[in-house]
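The structure under discussion appears below in the form of structure tokens.
The values are calculated or read from the model by the stated rules, or taken from the named source; none is laboratory data. None of the values given here were measured: they were computed from a predicted structure. For neighbour counting, all protein chains shown are included, and Cβ atoms are generated from backbone atoms with ideal geometry for every residue, glycine included.
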Amino acid sequence: MHGVRRLYEQADLSELVALDDIDLTIEPGTFVSIIGPSGCGKSTLLRLISGQESADAGRITVCGLTPKEAAEAKAFGFVPQSPALLPWLSVLGNVTLPHRVNRRGGNRDRDRPDLEAMLREVGLGESLHKLPAELSGGMKQRTAIVRAFGLRPDVLLLDEPFGALDEFTREALQEQLLELWEQTRATVVFVTHSISEAVRLSDKVVVMAPRPGRITDVIDIDLPRPRHQELLTSPEFHAYELALRGSLRDAFSHGEVVS
Amino acid sequence: MTLDSGTQPAPRPHLVVPTPEQLAARRLRRRTRLLRPGYWLPFVLLVVVLGLAWEVGARRMPYLFAPLGDIASVLTEDPGYFLSNTLVTLSEALVGLGIGFVAAFALAVVVSEVAVVRRAVMPVAVVLSVTPLVAIAPLLVVALGFGMGPKVVLTALVCFFPILINVATGLRAVPSPVLQVYRTVAASRLEVLRHLRVPASLPYVFASLRIVFPLSMIGAVVAELSAAGSADGLGSVIQVASSQNRLATVWAAIFVLAALGSLLFWLVTLAERRVLHWHES
């Protein structure tokens, strides 16, 4: 994406620059996290990438297509912060419904994966026919992740998917997310508030600052994969955490000065 | 993978599995709940008190109440008369309700999909839903005659607006993260309507049915009252009998209406429980 800018009209008719001059290239097959304080336009950026909103200036291309065309071709999988499951469908029903809509966009050459096996793999084997109301928060979010991965998307967009979960569930789910990702190697854009989450998961962390929303830093995370639990306590991991923390502090003070 | 792979069910030490005898005892207790006095006694007591009060009222105010015995004998003497009139009123109410439902649901879909239509229709719908539309019954009788026509039209009209408002709200009750998930896979509006909006509206549909089933009875009976003497139906029975001062017949018809209303309400609740098993209420 190049020179992207997005304006929102505010209540007093002035315009808020939600995102300004965003230049970002995401290599196919990499895991990129976007981190920054609230209101820096992280979620707006995801909506722009997936074609839900249009940029006011600049250009976004996804695998050579416009975001809208990419969505038509079912290039995206999306995991919101809340699991957003349909309460009247079973776990399996929720995971298969995205395949049944917009059939024309479903790439024929991309065969439909065995969704039941995927669910079993993340520990939902006994819950295939349960309704969302019968599941715990972590199980619901696992279902939402399989729903997105099951589409075999080229680009996976996750908007703070673990934000509402407790620490233990969060770490277990990070592990499962990485394992699913190792199998598919889709491009991932992962919005988060958590420094350690960003370091653990990503190849590259994009730091953003608010007012106007912009990119202030990009940090490459050069840690070996697969990254298991033990890595979390290693000195290299801590060094990256510290660097990211410092970069975020800069981003935040930038915002203060501007406003 | 951190969790069991599903080949073998994990042991569950936290679940206490009851013995078959315990299970049977629990099931029996649940089934015989209705037989325990704590369950039925308060209700029965209230009914007895009300019955006694009724008898006192019947003695003191003979032009308002009829003794329960008389009402019961009217009902048992000619059950066929009440049955046929009940069927007339019921069919008017249900046909009117059906027409009102289909029309209101169709308009609700348009309203939820097209913002311009929504802005035009919804304020009018709110005003009309709080207007006592039954008041136009006499006009409908003049315009449409003494047959089924005015009764069905009035019932449909009375049911229309509560359904429209509820369903239009329900169709828009899909949380925005859900919409976003399905928009990122470019689901068409028709698919969103069919797979997301219509199922999400079902709790609202049933809420409106609970309101509208009793209303349909009111619509049918009021229309009959306005066009009595020439047609069948429990409203006509009430109108004719009260003009001839046959109080027991009037009350018998009212009791039948009460029973019919309760039956319909119970059926809606039953259907709701089957269809909305996923819903928390």
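At-a-glance table
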item	result
Check on B:R210, closer than 30 Å to B:L90 by Cβ, surrounded by fewer than 23 Cβ atoms within 10 Å (Cβ to Cβ), touching a helix residue (DSSP H, G or I) at 6+ places or on another chain (Cβ under 7 Å) and of a type in the set (D, E, K, R)	yes
Selected residue (criterion: surrounded by the fewest Cβ atoms within 10 Å (Cβ to Cβ)) from residues of the stretch B:40-71 that are among the charged types (D, E, K, R) and touching a Phe, Trp or Tyr at 6+ places or on another chain (Cβ under 9 Å)	B:R59
Residues of the stretch B:131-153 classified as part of a loop (DSSP other than H, G, I, E, B) and buried (at least 16 other Cβ atoms within 10 Å of the Cβ), total	1
Helices (runs of 4 or more DSSP H) completely within the stretch B:171-275 that count 1 or more residues being at pLDDT 85 or above, more than 13 Å from every other protein chain (Cβ to nearest Cβ) and more than 25 Å from the chain's Cα centre (by Cα)	B:234-243, B:247-275
Top-ranked residue of the stretch A:112-127 - restricted to ones that are at the interface with chain B (Cβ under 9 Å from one of its Cβ atoms) and outside any helix (DSSP H, G or I), ranked as farthest from A:E179 (Cα to Cα)	A:L124
Answer residue from the stretch A:20-51, given it is closer than 20 Å to B:Q180 by Cβ and hydroxyl-bearing (S, T, Y) and is farthest from the other protein chains (Cβ to nearest Cβ) among those	A:S33
Among (1) within 18 Å of A:V79 (Cα to Cα); (2) within 8 Å of another protein chain (Cβ to nearest Cβ); (3) not β-branched (V, I, T) - the single one A:G105 does not satisfy	(1)
Inter-residue pairs, beta-carbon under 9 Å, first within 19 Å of B:A120 (Cα to Cα) and in the stretch B:156-167, second not hydrophobic (A, V, I, L, M, F, W, C) and not in a helix (DSSP H, G or I), 6+ apart	B:F161/B:T131
Residue in the stretch A:132-140 that is of a type in the set (G, A, S), within 11 Å of chain B (Cβ to nearest Cβ) and crowded, with 19+ Cβ neighbours inside 10 Å present	yes
Filter result (of a type in the set (D, E, K, R) and within 12 Å of chain B (Cβ to nearest Cβ)) within the stretch A:163-181	A:E171, A:E175, A:E179
Selected residue [closer than 14 Å to A:F190 by Cα, out of contact with any helix residue (DSSP H, G or I) (no Cβ under 7 Å at 6 or more places or on another chain) and buried (at least 17 other Cβ atoms within 10 Å of the Cβ)] from A:E160, A:E121	A:E160
A:V146 being of a type in the set (A, V, I, L, M) and crowded, with 17+ Cβ neighbours inside 10 Å	yes
Matching option when the condition is more than 10 Å from every other protein chain (Cβ to nearest Cβ) and surrounded by 19 or more Cβ atoms within 10 Å (Cβ to Cβ), among A:V191, A:V155	A:V191
Every residue from the stretch A:26-59 that is part of a loop (DSSP other than H, G, I, E, B) and crowded, with 22+ Cβ neighbours inside 10 Å	A:G36, A:C40, A:G41, A:S50, A:G51
Residue in the stretch B:75-90 that is surrounded by fewer than 16 Cβ atoms within 10 Å (Cβ to Cβ), more than 25 Å from the chain's Cα centre (by Cα) and in a loop (DSSP other than H, G, I, E, B) present	yes
Matching residues, the stretch A:71-101, being surrounded by 19 or more Cβ atoms within 10 Å (Cβ to Cβ), modelled with pLDDT under 85 and facing another protein chain (nearest Cβ under 7 Å)	A:A71, A:K74, A:P98, A:V101
Flag for B:P37 being exposed (fewer than 11 other Cβ atoms within 10 Å of the Cβ) and not assigned by TED's automatic domain parsing to the domain that holds B:F213	yes
Residue satisfying condition, being crowded, with 23+ Cβ neighbours inside 10 Å and in contact with a Leu (Cβ under 9 Å, 6 or more places away or on another chain), within set B:A241, B:A271, B:A187, B:A200	B:A187
